[in-house]
Amino acid sequence: MTYAATTLDVRVTGRRIVATFVDALVFAFFSWVLERVFGLEGADGFDLTTLSNTGTLWLSLVVLLYYVLLEGLTGRTLGKLVSGIRVVDAGSGGRPGLLSGLVRTLLRMIDGLLGYLVGLIIVVNSANRRRLGDMAAKTLVVRAR
């Protein structure tokens, strides 16, 4: 689905925060599953320090694929679906594509510093409420229709 650029509502900062928390719960679940698969006894919750090197690698792969595939192909993660927002290509208003999904995801390492405080500061101070990943990937996060 494509939207005209003038109809996009980018004032979704609160919804982005909710989406981030929901996605964190998804990763906590994946972490729990990986802890069980790799036989870690007594490890509870989303704690990367308790995962073996193999588990950490698998969890990192899950996170990478989760964001790249879901945002790139559909514009939505589970968190974005729940909070009513989506990622769109800034030029066309359509789906971002896998390359944009990859760029957005890789730049989460910077945007996500200090519990996404860096990303939040950039979002509230930038045109069209974009974090570094959005700027580099030429995407917008907008209210879903």
Discussion item. If amide hydrogens are placed 1.01 Å from N in the peptide plane, which non-local residues have theirs closer than 5 Å to the one on Ile85?
Written reply: Ala144
Worksheet item: Karplus couplings for the stretch 129-145 from phi (6.51 cos²θ - 1.76 cosθ + 1.60, θ = phi - 60°), rounded to Hz, Gly and Pro as x?
Response: 6, 10, 8, 4, x, 5, 5, 5, 8, 6, 10, 10, 10, 10, 5, 6, 10
Discussion item. For the stretch 99-145, take N as its residue count and report Rg(C-alpha) divided by 2.2 N^0.38 Å.
Written reply: 1.08
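Rg/Rh for the stretch 65-128 to two decimals, with Rh computed the Kirkwood way over all alpha-carbon pairs.
On the way: Rg = 11.8 Å, Rh = 12.2 Å.
That ratio equals 0.97.
Rule-based calculations on the coordinates, nothing more; no lab input. Keep in mind that what you see is a predicted model, and the values were worked out from it rather than measured.
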